[in-house]
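The values are calculated or read from the model by the stated rules, or taken from the named source; none is laboratory data. What you see is a predicted model; the values in this text were computed from it and never measured. Backbone-built Cβ (ideal geometry, glycine too); neighbour counts: all protein chains shown. Calculation scope for accessible area: heavy atoms of the full protein, side chains included, ligands and nucleic acids excluded. Shrake-Rupley method; radii C 1.70, N 1.55, O 1.52, S 1.80 Å.
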Amino acid sequence: MFVVTIDQDKCEGCGECAESCPADILGFENGKAFVSGDANDCMGCETCVSVCPAGATSIEEK
Ligand code: SF4
Ligand code: SF4
């Protein structure tokens with residue numbers, strides 16, 4: 001399974017990851033993205049990694 005994490009310090013607040021996550025588990029509030037759903041529901045598509053200009057998102061396979 002896959003687990004997503006977002007580095008709050010690196011996030012530049014573009015909101016792209018939350019917009020594009022097909023699992024709808026990423027939220028966006030006060031200029032920062034965060035995991036709003038169950039991080040374990042990540043499908044590992046890496047869309048949030050490819051759209052992030054800051055390298056703030058990472059996926060770990062467990
Ligand atoms: S890898 Fe895909 S499913 Fe997982 S959080 Fe990123 S966009 Fe969503
Ligand atoms: S794509 Fe990257 S910089 Fe943009 S909101 Fe998501 S984590 Fe932040």
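About its Cα centre, how strong a charge dipole does the chain have in debye, to the nearest 20, once Lys and Arg get +1 and Asp and Glu get -1 at the Cβ?
Values: 3 positive and 12 negative charges, 16 e Å.
Computed charge dipole of the chain: roughly 80 debye.
Just add up the charged neighbours of M1: K/R +1, D/E -1, any other residue whose Cβ is under 15 Å from the Cβ of M1. Display every interim value, and only then the final one.
Numbers: positive: K62; negative: D38, D41, E46, E60, E61.
Once positives and negatives cancel, what remains is -4.
Ordered by residue, what ³J(HN,Hα) values in Hz, to whole numbers, does region 23-34 give under the Karplus form 6.51 cos²θ - 1.76 cosθ + 1.60, where θ = phi - 60° and Gly and Pro are x?
8, 6, 10, 10, x, 8, 7, 6, x, 9, 8, 8
Between E19 and S58, how many nm apart are label points set 7 Å from Cα along the C-beta direction?
The modelled label-to-label distance comes out at 2.6 nm.
Mind grabbing the accessible area of M1 for me, 1.4 Å probe, Å², rounded to tens?
120 Å²
Dimensions of region 2-61 along principal axes (Cα, Å, largest first)?
Ordered largest first, region 2-61 gives principal extents of 25, 18, 17 Å.
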